[in-house]
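Okay, structure first, notes after.
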Ligand code: HEM
């Protein structure tokens, strides 16, 4: 039952932090045009997150005052910190003219461009603020979002927009065994893991306003067509990803961590790892060296209105320029054989400001 510190001098927790087992992700709409309301919200959120990350309540559960309403809802009592991190993101609308914060806009923050295979449902799209709560206990993650949504309502600054609860992290951090996504494949084998790569591809450093370690967070709700996938031959599934299902090895290797050989051809001259496979299209070798940090989770919502399993991947990536995500999704959206089995139904983008130092709060730089 570990504790991940909230305050610090680097990037916010929940980015470089090895992925915990559960996530509760939620986006919010601003319900105010007064920057003071947003300031109060970010200050109260930060203080509450710092408490919860220590496994403490954010206020009285049983108020001393007779007939008082509890400040903390109480369901995480006795569960400990459970590695809780809550990562706060600011959407493009925060920096629009109406709040008067336009001068603080992070260099590359903007709506994502329209990409091939976007099939968004408005109810899973956008948001002006995001909270990514990850923990090794689902109830700890739930409690964090619940009590932070309560604070949002209380300040009158923001209201809930869309949410996904996920499990079984579908990405690996440093020294973690690679978990599997709901299509049965190991996910996260070639993810960003080295500190140099975090510096090069994840953290912003030269943003004129924010200076320190920020990052752009892209969230995509990707539905999987599970029933179709489950009747596809496994040999074909291996060609979809370019990897073997059980071992996770590239089709040109035998071990999970063998480097894929994208140029290798068979006797007929066909690429052993098909050009239209997911890894061939996404690999840095075939994208001018670009890498992104994937920090995704599986989700399920039971069954849909016609009885099909409703499940997929809450894809979350971090990069120091949203154009890097766009570049990869441009290629995947156009040609990836995986597209037959998935639909991107939700999307949002946020800037994750640097972690606050003790006694400060997230985004404090914006308010002068
Ligand atoms: C690799 C699954 C969506 C980017 C992989 C791998 C799997 C996988 C199984 C191979 C193991 C690994 O190296 O991690 C999925 C599934 C998706 C999905 C099931 C959707 C439901 C995306 C999206 C992007 C992306 C939207 C980015 C736009 C990558 C990258 C790699 C990768 C960069 C590493 C390729 C390499 O260097 O070999 N994915 N992925 N994936 N995926 Fe995805």
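Note on the chain: helix-only mean residue ellipticity at 222 nm, from DSSP H runs of 4+ residues weighted -39500 (n - 2.57) and normalised by residue number, equals -6000 deg cm²/dmol. In a fully extended conformation the segment linking residue 258 and residue 93 would gain 55.1 nm over its present Cα-Cα distance, using 0.36 nm per residue. As an exercise, use a Förster radius of 30 Å and the Cβ-Cβ distance of residue 174 and residue 334 to find the FRET efficiency, rounded to the nearest 0.05. In this case the efficiency is close to 0.40. Sequence-distant contacts, meaning Cα pairs under 8 Å at least 6 residues apart, place the relative contact order of segment 217-291 at 20 percent.
Taking a label point 7 Å from the Cα of residue 119 along the Cα→Cβ vector, which residues of segment 252-289 have an amide N closer than 19 Å to it? Of the residues in segment 252-289, 277-278 have backbone N under 19 Å from the label point off residue 119. In a Gaussian network model over the chain where Cα atoms closer than 10 Å are linked, find which of 261, 78, 147 has the largest mean-square fluctuation. Checking each option, the largest mean-square fluctuation is seen for 78. Cα centroid separation, segment 83-110 to segment 230-272: 41 Å. Here the extension length gained between residue 309 and residue 79 equals 79.7 nm, from 0.36 nm per residue of separation less the Cα-Cα distance.
Reducing segment 1-65 and segment 198-214 to their Cα centroids gives an inter-centroid distance of 21 Å. Among 24, 271, 67, the largest mean-square fluctuation in a Gaussian network model of the chain (Cα springs under 10 Å) belongs to 67. Distance between the 7 Å Cα→Cβ label points at residue 270 and residue 226: 3.1 nm. The overall shape of segment 14-113 is oblate: from the C-alpha gyration tensor, with semi-axes ordered a ≥ b ≥ c, the ratio a/c is 1.5 or greater and a/b is no larger than b/c.
Springs join every pair of Cα atoms under 10 Å in this Gaussian network model of the chain, and among 54, 264, 223 the largest mean-square fluctuation is at 264.
Bear in mind that the values in this text are calculations on the coordinates, not laboratory data. This one's a predicted model, so the numbers in the text were calculated from it and none came from an experiment. Glycine gets a Cβ as well: all are built from the backbone with ideal geometry, and neighbour counts include every protein chain shown.
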